[in-house]
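For reference, the structure is listed below as structure tokens.
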Amino acid sequence: MLGALTASGPLSIDMYLPALPAIGRSLHATPAAMQQTVAAFFIGMAAGQLVYGPLSDRIGRRPPLLFGLILYAAASAGCALAQSESLLIALRVAQALAGCAGMVIARAIVRDRFHYNEVLHIFALLSLVMGLAPILAPLLGGWLLAVAGWRWIFGFQALFGAVAALAAFVLLPESRSQATADHARGEHPLRSYLALLRQPRLVGFVLTGAFSGAALFTYVAASPDILIGVFHVPPSRFGLFFGVNAIGLIGATQINARLARRVPFEAILAWANLAVFGAALLLAFDAVTGFGGLWGVMVPMFLVMASFGFNQSNATVGALGVDPLRTGAISSLFGAASFAAGATAAAVAGALRDGTPRPMAFVIVGSLLCAVITLRTLAPVRRNASRV
């Protein structure tokens, strides 16, 4: 159940990527404008997550979760009926504002129900479910595009939201502790965020996750234009490229969960940060020189995406362990920062679009350089760092 809730975001993003060129033709919009619909979704995800976390700490996990899933189903149905680019963008923002409830609250529920030493391993299990979304969603989206048209992609998402809401209502019990509730009711959400932002170590983990996420979201936003438009990959095969990267991410997450039993998660995060930056430099070199063509871009991109399984998991565990009484707020802050950075990075890559992979590569390199700097500055590895 938690895996499905966490997958709502990737499903909403990845499923319609193969249809972006077709949606642009249908709504008479440019490829750059279609890329902005992805950035608009990221903005909605960032803004919505700031609300759901503190709210779930205060009134419980179930009410905001159910509200978000029902609104997600309604907004998805609206996207299926949209007749203009501007209306689609507005509805995508609404869809994101609603859909992020599942992502935020699922992370908080994991922290509610499991001991801190188990959290990383539970995230690894969830990634097996969540990781299916980037593999299956583009394939399903491409199939629906071929047999029924792009509007049915959003119709499927509306059905997913309705089924998830029903399942959560029946199967998901309340998990928020009374201590968390008492603390949240005695503290204004704004004060909660200010208290968290005054903790440098937490900020370090949050920014590391955010800049790492920016690299991922830049690829997500730019990949349809690059793969389909630049390298002429058929839309029906687009999902295969996405799926290979998702398999790498899942595998890295599982390796990370086992490695963390022997090596402190902070050390893993530090080394993974450097490794992914090196892969990004290779990506930029291939994008500038044209070395290897399509595979010169996709092979280092696979390494960047796989390393996300190390970076994001460990940064999340580090952030959630800083202040257990503000779990929902931390989950919100972490997710909002990731999607805000992703929206900014995707918008920059779209604005710099020149018909080559270079803008995507440069934005990814810049994002991961920021991740290296913030982690080493604000959350360096401690000598007494513990295994998870």
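Summary table below
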item: Members of the stretch 213-242 found to be more than 23 Å from THR30 (Cβ to Cβ) and modelled with pLDDT of 80 or more, listed by number; result: GLY213, ALA214, ALA215, LEU216
item: Number of the exception - ARG198 against (1) without any contact (Cβ under 8 Å) to a residue 24 or more places away in the chain; (2) within 18 Å of the chain's Cα centre (by Cα); result: (2)
item: Index of the failed condition, GLY243 passing every other in (1) surrounded by 17 or more Cβ atoms within 10 Å (Cβ to Cβ); (2) in contact with a Lys or Arg (Cβ under 7 Å, 6 or more places away or on another chain); result: (2)
item: Number of the condition not met by ALA210 [criteria: (1) at pLDDT 85 or above; (2) over 16 Å from SER313 (Cβ atoms)]; result: (2)
item: Only one of LEU320, LEU325, LEU368 that is surrounded by fewer than 24 Cβ atoms within 10 Å (Cβ to Cβ), hydrophobic (A, V, I, L, M, F, W, C) and either at pLDDT below 85 or closer than 17 Å to ALA270 by Cβ (or both); result: LEU325
item: Residue in the stretch 346-359 that is under 26 Å from ALA101 (Cα atoms) and modelled with pLDDT of 85 or more present; result: no
item: Sole residue being under 22 Å from LEU216 (Cβ atoms) and at pLDDT below 85, chosen from LEU202, LEU97, LEU190, LEU139; result: LEU139
item: The stretch 145-165, residues that are of a type in the set (A, V, I, L, M) and either over 24 Å from the mean Cα position of the chain (by Cα) or under 17 Å from ARG25 (Cα atoms) (or both); result: LEU145, ALA146, VAL147, ALA148, ILE153
item: Close pairs from the stretch 34-62: first on the phi > 0 side of the Ramachandran plot, partner surrounded by fewer than 24 Cβ atoms within 10 Å (Cβ to Cβ), Cβ under 9 Å, at least 6 apart; result: GLY60/GLU174; GLY60/SER175; GLY60/ARG176; GLY60/ALA181
item: Selection status of PHE265, modelled with pLDDT under 85, crowded, with 20+ Cβ neighbours inside 10 Å, farther than 19 Å from ALA108 by Cβ and touching a Lys or Arg at 6+ places or on another chain (Cβ under 9 Å); result: yes
item: Filter pass, THR327 being hydroxyl-bearing (Ser, Thr, Tyr), closer than 28 Å to HIS232 by Cα and assigned to a helix (DSSP H, G or I); result: no
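The values are calculated or read from the model by the stated rules, or taken from the named source; none is laboratory data. This is a predicted model, so every value here is computed, not measured. Using ideal geometry, Cβ is built from the backbone for each residue, glycine included, and neighbour counts are taken over all protein chains shown.
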